[in-house]
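K.L.:
Structure incoming, see below.
The values are calculated or read from the model by the stated rules, or taken from the named source; none is laboratory data. Please read these numbers as outputs of a predicted model, since none were measured by experiment. Glycine gets a Cβ as well: all are built from the backbone with ideal geometry, and neighbour counts include every protein chain shown. Please note that ligands, DNA and RNA were not included when accessible areas were found on the heavy atoms of the full protein model with its side chains. Shrake-Rupley method; radii C 1.70, N 1.55, O 1.52, S 1.80 Å.
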Number of protein chains: 2
Amino acid sequence: MQFDKYAQLYKNALLDDVIPFWLRNSGDTEFGGYFTCLDRTGEVFDTDKFIWLQCRQVWCFSMLYNQVEQKTEWLDFAIQGAAFLEKHGRDQEGNWYFSLTRQGAPLIQPYNIFSDCFASMAFGQLFKATGNSVYGQIALDTFHGILRKRDNTKGIYNKNYPGTRPLQSFALPMIICNLVLEIEHLLDPVLVSDSIAKGIHAVMEEFYQPDLGIILENVTPDGKFSDSFEGRLVNPGHGLESMWFMMDLARRTSDQKLIRKAVDITLNLLEYGWDKEYGGIFYFMDVKGHPPLQLEWDQKLWWVHIETLISLLKGYQLTGDERCRAWFEKVHDYTWAHFPDPENGEWFGYLNREGKVLLPLKGGKWKGCFHVPRGLFQCWKTLEAISAKEPGVITV
Amino acid sequence: MQFDKYAQLYKNALLDDVIPFWLRNSGDTEFGGYFTCLDRTGEVFDTDKFIWLQCRQVWCFSMLYNQVEQKTEWLDFAIQGAAFLEKHGRDQEGNWYFSLTRQGAPLIQPYNIFSDCFASMAFGQLFKATGNSVYGQIALDTFHGILRKRDNTKGIYNKNYPGTRPLQSFALPMIICNLVLEIEHLLDPVLVSDSIAKGIHAVMEEFYQPDLGIILENVTPDGKFSDSFEGRLVNPGHGLESMWFMMDLARRTSDQKLIRKAVDITLNLLEYGWDKEYGGIFYFMDVKGHPPLQLEWDQKLWWVHIETLISLLKGYQLTGDERCRAWFEKVHDYTWAHFPDPENGEWFGYLNREGKVLLPLKGGKWKGCFHVPRGLFQCWKTLEAISAKEPGVITV
């Protein structure tokens, strides 16, 4: 496998295709912020502004500025998005709304804690790029708000009857693991190491079920299986994404045991979630093989595949496990054959089970400028590192 | 077309297949109520009890007792479900929860007004069957609760920011049109006629868009188009279902103009929602042709097809429009070729775009003992009526 050639492919896709696509099509020069509902050709088909995606795009351009090249164009693009968010994004208590109109009027209340997570990531990364302490303070205040709300993230919008079936969800501890690294420069080191320890414990001891070999989306407060629709739910892509967060954390302390465990779970989850008939990774599954609630269960989503590629490459980089390399080639081939749109640029997001485009969009309510560029960046850099240690052709 | 033979087919499916399937598999003899999560063979795969489906099943067996035959087995089955609901279904203010555990503990709070709608239908129909005034009072109290909540149906669980983009939704006025007929025997005649007039106005003047020829799911408070994800949404099956409610209302006053309009909308919606490539009716569409938010947009659902068959048959019965008959044959052929499961009984609920079974269940969180039996009953009776007026072979 020619790691340097793969590295080049991911780098070029990032810098020559995906980033120019968003620069070209998504800026709202009139009201600030970004359009994310872009059709096949990049044309805007809806102007609502979803806080998740506004924040993720600020993060993305700040990150590129910090990690790739200090391009003014990138930083300006991030700053204009942040200005829109700063002005319109929060309620009086500092909670981030879920969505706004094009002009910035609130549409959907702050019921979703991931709006706060992505806001903290965005402003933390932009603070790194600019040194502007206003951004740092927003990142920090938002992070402390997340910690305050973590036990009842939906607040008054929580529809669960208290006490009947308490469950904890995978998404928040998983994202906090990544978030504390993102804003480490703003946090007390004790808070960082404490949050990391808690996050690793939750992901690897509570949501990971050793007897099943997979990660569940919802478990009881003490990390046990709940035989209910929520408790049986598996989102293979979610678990696969979290494994590269685990590997990043494990590297900090050279925790070989954690690295090994994260690589094993990656391989298990992929074996489990791979569609043996049509290829690609399923979106949702029921761990007991019952019909899941999610009608979209068999669809193939962009983020699932690119996040999996990151975990496989990091796993290979850290362990040299040949199964990671072999799976990387297989998932790479599926991904590049199905998601990118060579005609108009960027990637399709939603394929049906057979791999045909289900929604001809490049961005919408949930897909924006985030997983594709972050994944391309992570794969590029990891492939480059592998290639630097083992130069030239390794295997073909 | 041999209407009497079709009538026999729908009657036999109802009485020899579908009703025995639910009698055999769904009763919870230990805690009362019904299991609705039934796999391909009728085996229970989850025991949660969803108020929508508990109520709809009480309604179904009461309706059969009232309309088909006074079978003690049917009435007892309805009464045991009602006893479970009476004991566990409501909070202290009389609002119906969304779901309960098998034992009856509340799981999801009363955020969904359709739980109340189906409860009122169920207890109204059971009151008709038994004369027990306790049932009548529950139906009536619940109905008045619905009227009180109609302007903010989700109450404290409403996540829309007040005032930014006020929209009214199609489902509630549509269901109230049907509900007032269901519990007419319990209501003041002025309230009935007033509710009917309001319902017809909402469906036919506000949600129906004459320039587009179709019915929208969400419109502005004054019945205008909103160019947003919600505003662009079309659910062809929803509109098609509502048209037989309109025809039932129009028959009461022999309103020929309303009948004609309902038939024309039925034909328009079907032309619009029919999948020209694979057959069947799409689940969701965007009226401007943009990608809808719903990832399941291209799936083919059982209720959409059986409800359409009812509207087509009633349309043919009331107008003799040959297009209704031709479309009935086409939708009938698709439906019977894809949904019923001759091996294990009852119908599959969810097909992918190509018509293959997507979830191998007979019941779940949203599919229970309701649309299939109600639809088979309505089609059987309508076909019988057509056949009685025009005996024998009419066209082939």
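K.L.:
Take B:Tyr283 and decide whether it is buried (at least 22 other Cβ atoms within 10 Å of the Cβ) and either over 14 Å from B:Val203 (Cα atoms) or modelled with pLDDT under 95 (or both).
P.N.:
Considered against the rule, which asks whether it is buried (at least 22 other Cβ atoms within 10 Å of the Cβ) and either over 14 Å from B:Val203 (Cα atoms) or modelled with pLDDT under 95 (or both), B:Tyr283 comes out as yes.
K.L.:
Oh, and also: Pick out the one residue from B:Gly124, B:Gly136, B:Gly131 that is touching an Asp or Glu at 6+ places or on another chain (Cβ under 7 Å) and either more than 12 Å from chain A (Cβ to nearest Cβ) or open to solvent by 10 Å² or more (accessible area, probe 1.4 Å) (or both).
P.N.:
B:Gly124
K.L.:
Test of understanding: among A:Asp46, A:Asp16, A:Asp39, A:Asp76, which residue is within 14 Å of another protein chain (Cβ to nearest Cβ), open to solvent by 40 Å² or more (accessible area, probe 1.4 Å), over 22 Å from A:Phe143 (Cα atoms) and not aromatic (Phe, Trp, Tyr)?
P.N.:
A:Asp39
K.L.:
Another question, then. Taking region B:49-66 only, how many residues are within 14 Å of chain A (Cβ to nearest Cβ) and basic (Lys, Arg)?
P.N.:
Matching residues across region B:49-66 total 1.
K.L.:
Right, something else. Looking only at residues in region A:268-280 that are open to solvent by 40 Å² or more (accessible area, probe 1.4 Å) and among the acidic types (Asp, Glu), which one is nearest to the other protein chains (Cβ to nearest Cβ)? First the steps, then the outcome.
P.N.:
Step one: of region A:268-280, the residues open to solvent by 40 Å² or more (accessible area, probe 1.4 Å) are A:268, A:271-272, A:276-278.
This time we only want the ones that are among the acidic types (Asp, Glu), so: A:271, A:277.
Details: A:Glu271: 23, A:Glu277: 12 Å.
Selected residue: A:Glu277.
K.L.:
Within region B:200-236, which residues are away from chain A (no Cβ under 14 Å) and in contact with a Ser or Thr (Cβ under 8 Å, 6 or more places away or on another chain)?
P.N.:
Scanning region B:200-236 gives B:Val203, B:Ile215, B:Glu217, B:Val219, B:Thr220.
K.L.:
Confirm whether A:Val372 is open to solvent by less than 10 Å² (accessible area, probe 1.4 Å) and β-branched (Val, Ile, Thr).
P.N.:
yes
K.L.:
Confirm whether B:Val58 is touching a Cys at 6+ places or on another chain (Cβ under 7 Å) and either open to solvent by 30 Å² or more (accessible area, probe 1.4 Å) or β-branched (Val, Ile, Thr) (or both).
P.N.:
Considered against the rule, which asks whether it is touching a Cys at 6+ places or on another chain (Cβ under 7 Å) and either open to solvent by 30 Å² or more (accessible area, probe 1.4 Å) or β-branched (Val, Ile, Thr) (or both), B:Val58 comes out as no.
K.L.:
Follow-up. Pick from region B:187-222 the residues that are touching a residue at least 40 places away in the same chain (Cβ under 8 Å) and more than 15 Å from B:Lys261 (Cβ to Cβ): which of them is surrounded by the fewest Cβ atoms within 10 Å (Cβ to Cβ)?
P.N.:
B:Pro221
K.L.:
Also, quick follow-up: So, in region A:330-363, exactly how many residues are in contact with a strand residue (DSSP E or B) (Cβ under 8 Å, 6 or more places away or on another chain), more than 10 Å from chain B (Cβ to nearest Cβ) and of a type in the set (S, T, N, Q)?
P.N.:
Result for region A:330-363: 1.
K.L.:
Could you list, in sequence order, all residues of region B:335-363 that are assigned to a helix (DSSP H, G or I) and open to solvent by 50 Å² or more (accessible area, probe 1.4 Å)? Outline the logic, then answer.
P.N.:
Just the residues of region B:335-363 that are assigned to a helix (DSSP H, G or I), to begin with: B:335-338.
Those that are assigned to a helix (DSSP H, G or I) and open to solvent by 50 Å² or more (accessible area, probe 1.4 Å): B:Trp336, B:Ala337, B:His338.
K.L.:
Let me ask something else. How many of the residues making up region B:154-170 are in contact (Cβ under 8 Å) with a residue 40 or more places away in the chain, surrounded by 14 or more Cβ atoms within 10 Å (Cβ to Cβ) and more than 23 Å from the chain's Cα centre (by Cα)?
P.N.:
2
K.L.:
Of the conditions (1) surrounded by fewer than 19 Cβ atoms within 10 Å (Cβ to Cβ); (2) more than 14 Å from every other protein chain (Cβ to nearest Cβ); (3) under 28 Å from B:Leu172 (Cα atoms); (4) free of Cβ contacts under 8 Å to residues at least 40 places away in the same chain, B:Ala83 satisfies every one except a single condition; which number is it?
P.N.:
So B:Ala83 meets the others, but not (4).
K.L.:
Pick out the one residue from A:Trp297, A:Trp327, A:Trp366, A:Trp380 that is within 14 Å of another protein chain (Cβ to nearest Cβ) and open to solvent by less than 50 Å² (accessible area, probe 1.4 Å).
P.N.:
Details: A:Trp327 fails: within 14 Å of another protein chain (Cβ to nearest Cβ); A:Trp366 fails: open to solvent by less than 50 Å² (accessible area, probe 1.4 Å); A:Trp380 fails: within 14 Å of another protein chain (Cβ to nearest Cβ).
The match here is A:Trp297.
K.L.:
Consider A:Thr41 carefully, then state whether it is farther than 24 Å from B:Pro292 by Cβ, among the hydroxyl-bearing types (Ser, Thr, Tyr) and over 20 Å from the mean Cα position of the chain (by Cα). Give the derivation first.
P.N.:
Numbers: farther than 24 Å from B:Pro292 by Cβ: no; among the hydroxyl-bearing types (Ser, Thr, Tyr): yes; over 20 Å from the mean Cα position of the chain (by Cα): yes.
In short, no.
K.L.:
Condition first: in a helix (DSSP H, G or I) and more than 14 Å from every other protein chain (Cβ to nearest Cβ). Can you find one or more residues in region B:149-171 that meet it?
P.N.:
Yes.
K.L.:
Within region B:95-111, work out how many residues are more than 9 Å from chain A (Cβ to nearest Cβ), open to solvent by 30 Å² or more (accessible area, probe 1.4 Å) and touching a helix residue (DSSP H, G or I) at 6+ places or on another chain (Cβ under 7 Å).
P.N.:
So the answer is 1.
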